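The structure under discussion appears below in the form of structure tokens.
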Amino acid sequence: MNSNAPSKTTSSEIALPLVTKTNPNDSFRITFAPLSLDEVYQLADDPGNGAVVVMSGTVRNKTDGQTVTHLEYQAYEPMAIAVFKSIAHQIRQQWQDANRVVIHHRTGKLEIGEISVLVAVGCPHRGEAFAACRYAIDTLKHNAPIWKKEYNVMLDDKTGEKIVSGSWVSISACEHNNKTLLE
């Protein structure tokens, strides 16, 4: 992990219990490898499901009007996996019929259009699957020790040359900055 990555402290953090035992059919992963929608769907599928909801977060080419060239993610993997397990535990407390919870997140350099995070929840009914999936991604963004560096292109005022720059932020800071857009 980069020592320049900021520590994660926000007022919107949700206190999650420490969970050591989870459903053996759940899947949690931090990986440099590209994420697969098909694999995550299959991992969330279960004969008892009436719905599988999958949320795919991708790298976009603009943020706040700034051109983005690529992103880089870092994570404190042991703690991130513990947060993912706690999220699954909380989902089962609120939506007891949830059959499967899958949370996979990328690290390393990601290009525009690549998938950075996949969250899938399988439940008997679509309403609980949608609600649980939304809870999972929102809680992940507020609590997981994951940081991203967004590389932006700017023009030098004097030379007109393109300059690529970026700084590390917690993914929860990104969510906080965009919260007003969702309300």
Item to check | Matching entry among 51, 80 (being touching a Pro at 6+ places or on another chain (Cβ under 6 Å) and within 19 Å of residue 135 (Cα to Cα)) | outcome: 80
Checklist outcome for this item: Checked region 27-59 for anything open to solvent by 40 Å² or more (accessible area, probe 1.4 Å), under 22 Å from residue 83 (Cβ atoms) and part of a helix (DSSP H, G or I); matches are 39, 43
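Can residue 155 be described as among the aliphatic types (A, V, I, L, M) and at pLDDT below 95? Please lay out each step first, then the result.
Working: among the aliphatic types (A, V, I, L, M): yes; at pLDDT below 95: yes.
Yes; evaluated as a whole, the condition is true for this residue.
Wholly within region 83-140, which strands (runs of 3 or more DSSP E) include no fewer than the required count, namely at least 3 residues that are surrounded by 15 or more Cβ atoms within 10 Å (Cβ to Cβ), of a type outside the set (Ser, Thr, Tyr) and at pLDDT 95 or above?
Working: elements: 100-106, 108-111, 115-123.
Hits in region 83-140: 100-106, 115-123.
The values are calculated or read from the model by the stated rules, or taken from the named source; none is laboratory data. Predicted model, so just to flag it, every value in this text is computed and none were measured. Ideal geometry is used to build each Cβ from the backbone, glycine not excepted, and the neighbour counts take in all protein chains shown. Just so you know, the surface numbers come from the protein's heavy atoms only, side chains and all, with ligands and any DNA or RNA stripped out. Shrake-Rupley method; radii C 1.70, N 1.55, O 1.52, S 1.80 Å.
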